[in-house]
Every structure is written in C-alpha cells, then in structure tokens.
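Worksheet: one structure, shown below.
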Ligand SMILES: *Cc1c(COP(=O)(O)O)cnc(C)c1O
C-alpha cells in the first residue's frame, strides 16, 4: 500500500539524516500523498511554485492541521512575492538569490501572514549558468547585513542553501565540493557577523543527501525518494 510505503521511506530517511531536518518536497505530489506523509508525522514540506504552495497550504490550513511548516524552495519572481507572503504557515524561504530580490521582499515584509519567516540565501556553489544564487561573498554579506540591521524583523536570517552540480562526470566529488563550500561560507558568515547561532545549511536532495549530511547539512530537501 502506498501509505505504508511513504511512511516507511520517511522513517528510514529520518534515521539516515541523523539530527538534520527533513523537508519533504511535495512539488510533484497530490494533497492525498501529502496527507499520507502527515499521517507518518512528517510536517515540513517544500514547494517550488508559489501558486501550488498557496493552494496546498490553504487546503491544510482550512483543515486546521496546525503543525505544518511550509518551505518555499523555488525561484522567486518579484511579482510573486505578495502571493508568497500570503501563504498560511509559511516557515522558511530557501531560495533568496539576490540583493535586488531581498530588497523587494523587505518592502512587503509587513504583508507576511506568518509572524516570522526564516530566510536562506541561495549560493551558486556549482557555478553552473542555469543555477540561481549568489556568486560573490561580498554581495552575500551586504544582503545578510540588510536583514540583520532591522529592529523588529519578520524576515529573519537563518542560513544558506545550495544544490550540487548536475552536469558532471564525477557527481559525488562535485556534490561534496559544493556542500563543503557552503559549510565554509556558513562559518565565514558566522565569524564575520559575530553570530551566536550556527548558520544553518540547506543542502542535499534525493540523489546526494548522504553526502550533504557528511558535510554538515541541517535541512535536506527530499522529493522523489519519498513520493516516487
Ligand atoms: C525538486 C527539488 C528538490 C527535491 O529533489 P528530489 O531529487 O526530488 O529529491 C530539492 N530542492 C529543490 C530546490 C528542488 O527544486
């Protein structure tokens, strides 16, 4: 039965990722499949399209399933910020990839339905041209500085996100390099801003989460290994 299978996969993954958080990426999954995951006590879900996220989040919010935390993990267009900010139980945005986007988000901060939303900055550690994300540490520092300097923020700096290289003959070595780069940048940011907490790392998907865990991931984003 599918319900058993989803539950078993989630239980196995949670053991494998040790203390890290599992974000179940439900972008290709139906409401019914998400429901099965919830029955298996999975409450963190990731979506990469604002429309789909809003639809699913509203559905579960209307059912009063209050434990759910929604993670936005996709490319965010400026014109979609307003809609994203209206999502109930929005917990984190993993994909803030430029200062320009951050500035637009800050302008609309008061429209956030959630009291607080965690912000991850996406870093292009693979340097592939089709990938989004910060390429320069100096720009990243400027962006984080913008977030940190506000008095009563709703958008709070939380961590960094990256994806491993897709086109490569050496998938493992490349993924490992991307993930260790992100960990190094996280440490540099922590020192630079004299932060008390670890800069959280959002890295690892179905194909490479074990490598990401080895490199210190705090949030793995896993879709196909759960729902396919
Ligand atoms: C789809 C997606 C994932 C999950 O990918 P799987 O290979 O299905 O685990 C993780 N992160 C992002 C940004 C995605 O778009």
Residue selected from the range 129-164 under the condition within 14 Å of the ligand (Cβ to nearest atom) and part of a loop (DSSP other than H, G, I, E, B), by the criterion farthest from residue 192 (Cα to Cα): 130
Some residue of the range 100-119 being within 15 Å of the ligand (Cβ to nearest atom), within 26 Å of residue 205 (Cβ to Cβ) and out of contact with any strand residue (DSSP E or B) (no Cβ under 7 Å at 6 or more places or on another chain): no
First in the range 182-209 and over 16 Å from residue 19 (Cβ atoms) and away from the ligand (no atom under 15 Å from the Cβ), second anywhere and at pLDDT below 95 and in a loop (DSSP other than H, G, I, E, B), Cβ under 7 Å, 6 or more apart: none
Filter pass, residue 51 being touching a helix residue (DSSP H, G or I) at 6+ places or on another chain (Cβ under 8 Å), within 16 Å of the ligand (Cβ to nearest atom), farther than 14 Å from residue 221 by Cα and touching a residue at least 24 places away in the same chain (Cβ under 8 Å): yes
Unmet criterion (only one of (1) within 16 Å of the ligand (Cβ to nearest atom); (2) under 19 Å from residue 201 (Cβ atoms); (3) in contact (Cβ under 8 Å) with a residue 24 or more places away in the chain) for residue 14: (3)
Complete set of residues in the range 151-164 that are touching a helix residue (DSSP H, G or I) at 6+ places or on another chain (Cβ under 8 Å) and within 13 Å of residue 109 (Cα to Cα): 153, 154, 155, 156
Residue within the range 184-204 that is within 27 Å of residue 5 (Cα to Cα) and touching a helix residue (DSSP H, G or I) at 6+ places or on another chain (Cβ under 6 Å) present: yes
Any hit, the range 194-202, residues being at pLDDT 95 or above, over 23 Å from residue 106 (Cα atoms) and touching a strand residue (DSSP E or B) at 6+ places or on another chain (Cβ under 9 Å): yes
The range 93-148, residues that are over 18 Å from the mean Cα position of the chain (by Cα) and under 17 Å from residue 190 (Cβ atoms): 137, 138, 141, 142, 145, 148
Where residue 107 falls short, out of the listed (1) within 29 Å of residue 88 (Cα to Cα); (2) surrounded by 14 or more Cβ atoms within 10 Å (Cβ to Cβ); (3) modelled with pLDDT of 95 or more: (2)
Condition check for residue 172: modelled with pLDDT under 95 and in a helix (DSSP H, G or I): yes
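The values are calculated or read from the model by the stated rules, or taken from the named source; none is laboratory data. Quantities reported herein were computed from a predicted structural model and do not represent experimental measurements. Note: ideal-geometry Cβ built from the backbone for every residue, glycine included; neighbour counts use all protein chains shown.
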